[in-house]
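What follows is a single structure, written as structure tokens, with notes after it.
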2 protein chains.
Amino acid sequence: MPMKTPILLTAQEAEVIRALRKKGQISRMQISDITGWSKAKTSIEIRTLIDKGYLMEKDEGLSEGGRKPKLLKFNDQLGFIVGIDIGATSIDVLLADVFGNILQHVSEPGDVRQPPKTVLAQCIILVDQILKLQGCQGDQILGIGVGVPGPVDFSRGVLVAPPLMPDWENFPIRSFLKEAYPTAYVVVDNDVNIMALGEQRYGDAIGLDHFIFIKIGTGIGSGIISNGKIHRGSNGCAGDIGHICVDKQGPICRCGNRGCLEAMAAGPAITEKAIKAAQNGESELLLRFMKENEGIMTPELVSAACREGDEAALEIIRSSGQMIGDVLASLVNFFNPSHIFIAGGISNFGNHLLVAIKRAVLRRSLPLATTDLQINFSHIGAIAGNKGVIALVLEYLFVDEDKPFLSV
Amino acid sequence: MPMKTPILLTAQEAEVIRALRKKGQISRMQISDITGWSKAKTSIEIRTLIDKGYLMEKDEGLSEGGRKPKLLKFNDQLGFIVGIDIGATSIDVLLADVFGNILQHVSEPGDVRQPPKTVLAQCIILVDQILKLQGCQGDQILGIGVGVPGPVDFSRGVLVAPPLMPDWENFPIRSFLKEAYPTAYVVVDNDVNIMALGEQRYGDAIGLDHFIFIKIGTGIGSGIISNGKIHRGSNGCAGDIGHICVDKQGPICRCGNRGCLEAMAAGPAITEKAIKAAQNGESELLLRFMKENEGIMTPELVSAACREGDEAALEIIRSSGQMIGDVLASLVNFFNPSHIFIAGGISNFGNHLLVAIKRAVLRRSLPLATTDLQINFSHIGAIAGNKGVIALVLEYLFVDEDKPFLSV
């Protein structure tokens, strides 16, 4: 029973759906408690929600003896959720049910610097592929979530001034995908916001109200949760910490400024420092690794050198960690999070990086702000984005009629 | 009819009270709309709220002709709200009605470095004074809000590691005041959080979802609004930007670290630089002003020198503005606020300071984050705290029973 019309609900209907999403199943009495509806009104409203195809009564075969209240659950035949997690060099596409269970997952290399039409056409091929795997049709997709590695104007669903993917500036991702899947709602968000959401729904951040999720890779970005909700800021670009200034005399960053955190401490800076250390005789190990890799240095080789105790490699990582930690110290004073989760390619550098980050934060933050602060790698780091993009769709698919965000 | 018992409401009752606070008066139908209650239930619940003494029916004398729905409003005989705004060197005490209208206001010099019992005893004398002015009794106080210039653990209502007022660490402000006014609820918050709330309720920030309110005086602090709500962070100390590092080789701050923003750019640093400029012959004007003021330099004298175009004074202010702007640039990248409001004693330095701050922010923030960013002095700066402390009490006085924050 695919939806052909906008899914707009009254505030109370949306509340019922939210409770359903949280608890999986729910009794009539619980619905009455949540909404404050009378018994009679509850019955009528539930009937409407069942008729609209959102709810269904739970299989009575499960009840045993006595008079059990009939439970209600999501109509799992309502349709499917698609997640598209676009990374700098890869594309993950997921199919999930309305409970958020991931049913299918395909992944292949991609290049986000290509024009949006090229990349999104590749995405559509992948979506069609998972639909086929699941044996279902495009018009059964209720919602599509798209995560992109750049600043997103969330309300318009477009990238704005994205340094990694300039061709995508203002490209109408939503309408492009809606042309292929007209029944689906499309929501677009920044990749690290999505990872933060994934951590909050499926990782170690369940129940946390104030935390920062940091991704360290080719760039450095963060997702912010304040009072339990994603803080996107006024233009939707909150969390863009990669271009905070670390050294006014530092190297020029791709953003045009000097000494940005990203230019000083992220993947490319680590590689560059490692090449220097290999070439100027500081590290024979790095030189050997680079030669064995056809003369190409990578962050992974620096990581491998760290594991063998190479002092030059360790110093490069410690220095990155310290710069990241110095920036985080400022943000800890400002934001007072209970947790900082770290993920991304560079997080594979393990404890050396983490210790350097922690040390810098503890040295420069106020005591009260670090009393309970925990800084750790995300345990679900690699799949936080995949999980989060599905959670994002579910969050916005059923919305209050007062905030018909996705009807735009 | 003073309340002798905790004001705990059901979620829906609290919703009615919130709507009342917002709209002033409200019809039965509006209440039914807001809560989803049936007509019958609405009648019963309103009767309960009237019996409890929260609501009253609006004077029917006002209705003219036809059949008008009876409007409901707050029971203005319910009691009074007291605000205590403790600054570093002054105490403001306010009396307001349940609508937040300020009825009485007294103010006198104070010294927050004195022991809490001394300062709070002074506050109690002032509260008794305004009660007398208004001709009412202590047991008519419904709630007392206290603003203090230091980091507050909001849930416990105590100061934690306050640099300006070390004696207050963990002092039980709430129970001390409740001894004097047993019927009153007491809520304690950081002074700049309260100013931010005041700006949001009565200033230029009405309706704004994401902004930062900055107070620059002897110290530098900020109040943060995210998604329309005060962001207090995990330990209640969010916004403490005065100790963000500006220069690792800078002077030692009272917090023990080097080169904190506060130590480099706030009032005392400005005074110190001005003394130097006066003494080393850089500014004859500053020297003259200082001599005329019994050899004592103050930020006000630096401001006066700026107004006369004194180059050394201007450079001192520009330099402060630039350092503050550099820190704000990082926070703008991270938080993406739509507005920054500036208040506090140093904001009297006017445009020179503001221009320097704006320039630094624009130079170092990402374009998307500054597209719509507005940085301005708070127009209600001087009274933002007074207004905010009353708003704070009203916010927390009528709470959902699920979150009986103030029953602690």
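Observations on the model:
- Residues (within 13 Å of another protein chain (Cβ to nearest Cβ) and under 14 Å from A:Ala343 (Cα atoms)) located in segment A:193-212: A:Asn193, A:Ala205, A:Phe211, A:Ile212
- Check on B:Arg288, in the same structural domain as B:Ile375 (by TED's automatic domain parsing), basic (Lys, Arg) and part of a loop (DSSP other than H, G, I, E, B): no
- Test: B:Glu300 is within 29 Å of the chain's Cα centre (by Cα) and either surrounded by 20 or more Cβ atoms within 10 Å (Cβ to Cβ) or in a loop (DSSP other than H, G, I, E, B) (or both): no
- Any chance B:Asn333 is in the same structural domain as B:Gly219 (by TED's automatic domain parsing) and under 30 Å from A:Ile224 (Cα atoms): yes
- Wholly enclosed helices (runs of 4 or more DSSP H) of segment B:191-279 bearing at least 1 residues within 19 Å of the chain's Cα centre (by Cα): B:191-202
- Within segment B:69-90, one or more residues are in a strand (DSSP E or B), free of Cβ contacts under 8 Å to residues at least 24 places away in the same chain and over 20 Å from B:Thr183 (Cα atoms).
- Applying a threshold of 6 Å to beta carbon distances and a minimum spacing of six or more residues, or different chains, the list of pairs starting in segment A:139-161 at a residue that is within 14 Å of chain B (Cβ to nearest Cβ) and part of a strand (DSSP E or B) and ending at one that is of a type in the set (Phe, Trp, Tyr) and buried (at least 19 other Cβ atoms within 10 Å of the Cβ) reads A:Leu159/A:Trp168.
- Considering segment A:352-376, the residues that are of a type in the set (A, V, I, L, M, F, W, C) and more than 11 Å from chain B (Cβ to nearest Cβ) include one that is farthest from the chain's Cα centre (by Cα), namely A:Leu362.
Yes/no per residue for (1) small (Gly, Ala, Ser); (2) closer than 22 Å to B:Ile316 by Cα; (3) at pLDDT 90 or above:
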residue: B:Leu354; (1), (2), (3): no, yes, yes
residue: B:Ile357; (1), (2), (3): no, yes, yes
residue: B:His379; (1), (2), (3): no, no, yes
residue: B:Gly388; (1), (2), (3): yes, no, yes
residue: B:Val399; (1), (2), (3): no, no, no
residue: B:Val408; (1), (2), (3): no, no, no
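- Matching residues, segment B:86-126, being surrounded by 22 or more Cβ atoms within 10 Å (Cβ to Cβ) and closer than 21 Å to B:Arg21 by Cβ: B:Leu94, B:Leu95, B:Ala96, B:Val98
- Every pair of residues 6+ apart whose Cβ atoms lie under 7 Å, when the first sits in segment A:324-351 and is facing another protein chain (nearest Cβ under 8 Å) while the second is of a type in the set (Phe, Trp, Tyr) and part of a helix (DSSP H, G or I): A:Leu331/B:Phe334
- Of the criteria (1) buried (at least 24 other Cβ atoms within 10 Å of the Cβ); (2) within 14 Å of A:Ile214 (Cα to Cα), which one A:Leu354 fails: (1)
- Residue, farthest from the other protein chains (Cβ to nearest Cβ), within segment A:26-57, restricted to residues that are polar (S, T, N, Q) and surrounded by 15 or more Cβ atoms within 10 Å (Cβ to Cβ): A:Ser27
- The listed residue being crowded, with 24+ Cβ neighbours inside 10 Å, among the polar types (S, T, N, Q) and either touching a Leu at 6+ places or on another chain (Cβ under 7 Å) or within 14 Å of chain A (Cβ to nearest Cβ) (or both), out of B:Asn227, B:Asn190, B:Asn170: B:Asn190
- Within segment B:139-160, not a single residue is under 26 Å from B:Asp97 (Cβ atoms), among the basic types (Lys, Arg) and either outside the structural domain of B:Cys255 (by TED's automatic domain parsing) or touching a helix residue (DSSP H, G or I) at 6+ places or on another chain (Cβ under 6 Å) (or both).
- Residues of segment B:230-258 that are more than 27 Å from B:Gly157 (Cα to Cα), crowded, with 17+ Cβ neighbours inside 10 Å and more than 10 Å from chain A (Cβ to nearest Cβ): B:Gly250 alone.
- Of the numbered criteria (1) in contact with a Pro (Cβ under 9 Å, 6 or more places away or on another chain); (2) closer than 21 Å to B:Ala343 by Cβ; (3) modelled with pLDDT under 90, the one B:Leu366 fails is (2).
- Candidate set from segment A:1-37 (those that are modelled with pLDDT of 75 or more and touching a Phe, Trp or Tyr at 6+ places or on another chain (Cβ under 9 Å)); member that is nearest to A:Val187 (Cα to Cα): A:Ile17
The values are calculated or read from the model by the stated rules, or taken from the named source; none is laboratory data. Since we're looking at a predicted model, the values are computed, not measured. Heads up, the Cβs are rebuilt from the backbone with ideal geometry, glycines too, and the neighbour counts pull from every protein chain shown.
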